[in-house]
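Asks: Below you'll find the structure I mean.
The values are calculated or read from the model by the stated rules, or taken from the named source; none is laboratory data. Source: prediction; values computed, not measured. Quick reminder, even Gly has a Cβ in these numbers, built from the backbone with ideal geometry, and neighbours come from all protein chains shown. What goes into the accessible areas is simple: the full protein's heavy atoms, side chains included, and nothing from ligands, DNA or RNA. Shrake-Rupley method; radii C 1.70, N 1.55, O 1.52, S 1.80 Å.
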Amino acid sequence: MERLVLHEYAASGNCYKVRLTAALLDLPLQRREYDILNGETRTPEFLAGVNANGRIPVLQAGDRFIPESNAACFYLADGSPLIPEDRFNRADMLRWMFWEQYNHEPNIATLRFWIAFVGEERLSDLQRAQLGPKRVAGEAALKLMDEHLTSRRFLVGDRLTLADIVLYAYTHVAEEGGFDLALFPAIGRWLERVAAEPGYLPMAA
């Protein structure tokens, strides 16, 4: 595989997904940090050379660039046990990955960023108005996950897949956004199983 470089903001769960995937697969990954709070992903150099969308993470493989966290994870894991061989399970894994970006991340990750990194006192009026709806939607997402995990060890099939990795990233730090994970015991047991996987890398590592 080509030399891999992760353009990232280390505290981001989306960036952590890519690091965790690489760690579980024992793939060497160089890291380049950008301060998103100071606009370092909006510079002309970044926009022209890394991602015209001005966002991270971006996985660089040789001289090619892969924006979007879940696509980067898929690139790393392609051909590995993290992607099921069974056709249905593979599609189900993708279903959870799409759901994560549409239902989970916009609520749980956003509240974490606003509360833990921006600060509630510095939010705009529009952001303040969204706090309640995003909390309701985030709790609904956690409830759906908890119910699904009540009778199974992992989200898809009987072993860890990319579905677990991408949803673990922001779920395990959801309390930083004000969510109470004690209300979701099946999620708590699942988080412990993911963290016990060989090669597991903590977010702060």
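Asks: So who's got an amide H within less than 5 Å of the one on Tyr34, skipping anything under 5 residues away but keeping other chains? H placed 1.01 Å off N, in plane.
Replies: Here the answer is Glu8, Tyr9, Ala10, since their amide H atoms fall under 5 Å of that of Tyr34.
Asks: Cα atoms only: what Rg and Dmax, in Å, come out for region 82-172?
Replies: Just the Cα atoms of region 82-172 yield Rg and Dmax of 15.1, 49 Å.
Asks: Give the value in nm², to one decimal: projected area of the alpha carbon convex hull of region 137-205, averaged over all directions.
Replies: The Cα convex hull of region 137-205, projected and averaged over all directions, gives 4.7 nm².
Asks: Viscosity 0.692 mPa s, temperature 37 °C: Stokes-Einstein D of region 21-61 from its Kirkwood Cα radius, in µm² per second? Spell out each step's value before the answer.
Replies: On the way: Rh = 11.4 Å.
This corresponds to a translational diffusion coefficient of 288 µm²/s.
Asks: Can you tell me, using C-alpha contacts under 8 Å and at least 6 residues apart, the relative contact order of the chain as a whole percent?
Replies: 26 percent
Asks: Taking 8 Å as the Cα distance limit and 6 or more residues as the minimum spacing, I'd like the relative contact order of region 30-131 as a percentage.
Replies: 10 percent
Asks: Please report the carbon-and-sulfur percent of the accessible area for the chain; probe 1.4 Å, protein heavy atoms only, DNA, RNA and ligands left out.
Replies: Solvent-exposed carbon and sulfur of the chain make up 54 percent of the total.
Asks: Another question, then. How high is the relative contact order of region 85-205, in percent, with contacts defined as C-alpha pairs under 8 Å that are six or more residues apart?
Replies: 33 percent.
Asks: Would you calculate, for the chain, the mean residue ellipticity at 222 nm contributed by helices, counting each DSSP H stretch of 4 or more residues as -39,500 (n - 2.57) and dividing by all residues, to the nearest 500?
Replies: Computed mean residue ellipticity for the chain: -13000 deg cm²/dmol.
Asks: Here's something else I'd like to know. So for the pair Asp26, Val136, with labels modelled 7 Å out along Cα→Cβ, what separation do we get in nm?
Replies: 4.9 nm
Asks: If you take every DSSP beta bridge whose two residues both sit in the chain, what share of them, in percent to the nearest 5, is antiparallel?
Replies: Around 65 percent of the beta bridges assigned by DSSP in the chain are antiparallel ones.
Asks: GNM on the chain, C-alpha springs below 10 Å: top fluctuator among Leu24, Leu149, Leu126?
Replies: Leu126
Asks: Next question, about the same structure. In region 1-96, how does Rg compare with the Kirkwood Rh, expressed as the Rg/Rh ratio over alpha carbon atoms? If you can, show how the numbers build up before the last one.
Replies: Working: Rg = 14.0 Å, Rh = 13.9 Å.
So for region 1-96, dividing Rg by the Kirkwood Rh gives 1.00.
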